[in-house]
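A short worksheet on the structure shown next.
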Amino acid sequence: MSILTNLFGSKTMDGLSLDITKYDVNDMKDSDQFHQVKVDSDLKKAPEVVDRRVLMMYEKKFIEKFKKIGNLHQKCPYCAKAYKSLNVGDKKCTACEKTFYVQKRVQDMGTVAFTAEKKSQFEFQWKASSKIKKFKFYLQHEYDYIQQQLQKKGKKHLQISDVMHSVINAYAKNSLNSGHYALYTSLMFHKAELMRSEQRFAEALEYYFYVHFLHTNGVDNQANFKQNTVINPELRERIADLLALGNIQVKKAKDIFDYSIMHLSVFNESSLSVGTHKSYSLLMKEFKLEDALKEEVKPMRSFVLYTNKTSQAS
Ligand SMILES: [Zn+2]
């Protein structure tokens with residue numbers, strides 16, 4: 001079991017073939033039922049109905065922040081003067097003398113010119129959509145089986161990601177029902193990665209928050225919970241990248257955090273060691289610095305407006 005225990009966060013595991021016959025999706029029942037009584041009491045009997053509007057609000061925000069940046073026409077983004085060199089990197093315009101950037105953008109791999117003011121957002125877009133960890137721990141016949149099932153259900157134009165969502169769901173269900181909560185958590189991380197690969201950033205964030213929630217509950221593979229206050233560095237990086245892309249502060253994201261747990265958590269609150277509120281507080285503490293850097297600084301402008309007003313009045 002140790003090989004599965006380490007599935008999450010262990011980069012060296014990528015590409016290793018695992019003996020996962022007991023997770024055969026053709027047979028959802030699991031022979032390993034040691035923790036059955038505990039599992040039965042831990043799991044919610046019925047899923048909660050949740051209002052999706054919070055998620056839609058974040059989706060809108062991410063679409064706005066992920067809009068394509070730059071022009072494809074080899075023109076200075078400040079004064080529209082044409083440039084010849086196809087090299088990527090920073091350039092100085094021969095007409096207006098401003099420095100601008102030429103890079104490939106992540107949405108369409110087009111080589112574009114963009115202003116210095118857009119540089120950080122351009123980089124956030126790249127970071128939020130790269131280094132995606134693929135789920136490779138399935139067997140080909142499982143993949144084929146699920147693909148066939150989806151086709152039988154009338155789903156047309158199947159993408160790899162459609163099948164992969166179902167593969168991961170099947171694994172998640174199995175790991176959950178056998179009390180392998182840590183393994184289940186790593187599968188939820190893979191769900192987030194899959195969402196990110198489809199540029200569904202709001203849903204990816206929702207899943208990362210859920211993984212954080214499970215981590216703070218110290219899940220293990222024997223159906224146990226134990227409080228844990230140390231965040232996984234890989235998870236931290238993923239959350240940070242999405243928050244940067246959306247210019248989102250954790251302290252103002254309680255709505256989507258709460259939504260995430262309400263929507264995704266399969267566990268009874270009474271079984272857990274850390275509740276939603278406590279888990280959110282831990283995350284807020286962890287991202288205090290990033291939150292502070294995102295504060296809008298506008299005191300000077302209001303000062304100017306104020307002094308102008310008084311000078312006019314006198
Ligand atoms: Zn110019």
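Screening the stretch 234-284 for residues that are free of Cβ contacts under 8 Å to residues at least 12 places away in the same chain and closer than 18 Å to residue 218 by Cα and picking the one that is surrounded by the fewest Cβ atoms within 10 Å (Cβ to Cβ) gives 270. Given the structure, is residue 64 part of a loop (DSSP other than H, G, I, E, B), of a type in the set (Asp, Glu) and at pLDDT 95 or above? So residue 64 does not fit the description; no.
All of 90, 144 fail the test of being surrounded by fewer than 17 Cβ atoms within 10 Å (Cβ to Cβ) and closer than 26 Å to residue 69 by Cβ, apart from 90. Of all positions in the stretch 243-255, none carries a residue that is among the charged types (D, E, K, R) and under 28 Å from residue 162 (Cβ atoms). Considering only residues in the stretch 63-79 that are within 16 Å of residue 116 (Cβ to Cβ) and within 16 Å of the ligand (Cβ to nearest atom), the one that is farthest from the chain's Cα centre (by Cα) turns out to be 79. Go through (1) modelled with pLDDT of 95 or more; (2) in contact with a Gly (Cβ under 7 Å, 6 or more places away or on another chain) for residue 227 and report which single condition fails. Answer for residue 227: the failing condition is (1). Of all the criteria given as (1) within 16 Å of the ligand (Cβ to nearest atom); (2) more than 22 Å from residue 241 (Cα to Cα); (3) touching a residue at least 24 places away in the same chain (Cβ under 8 Å); (4) surrounded by fewer than 17 Cβ atoms within 10 Å (Cβ to Cβ), the one not satisfied by residue 115 is (2).
Residue-level analysis places residue 149 outside the set of residues that are in contact with a helix residue (DSSP H, G or I) (Cβ under 9 Å, 6 or more places away or on another chain), away from the ligand (no atom under 16 Å from the Cβ) and not assigned by TED's automatic domain parsing to the domain that holds residue 187.
The values are calculated or read from the model by the stated rules, or taken from the named source; none is laboratory data. Given the structure is predicted, the values throughout are model-derived calculations rather than measurements. Using ideal geometry, Cβ is built from the backbone for each residue, glycine included, and neighbour counts are taken over all protein chains shown.
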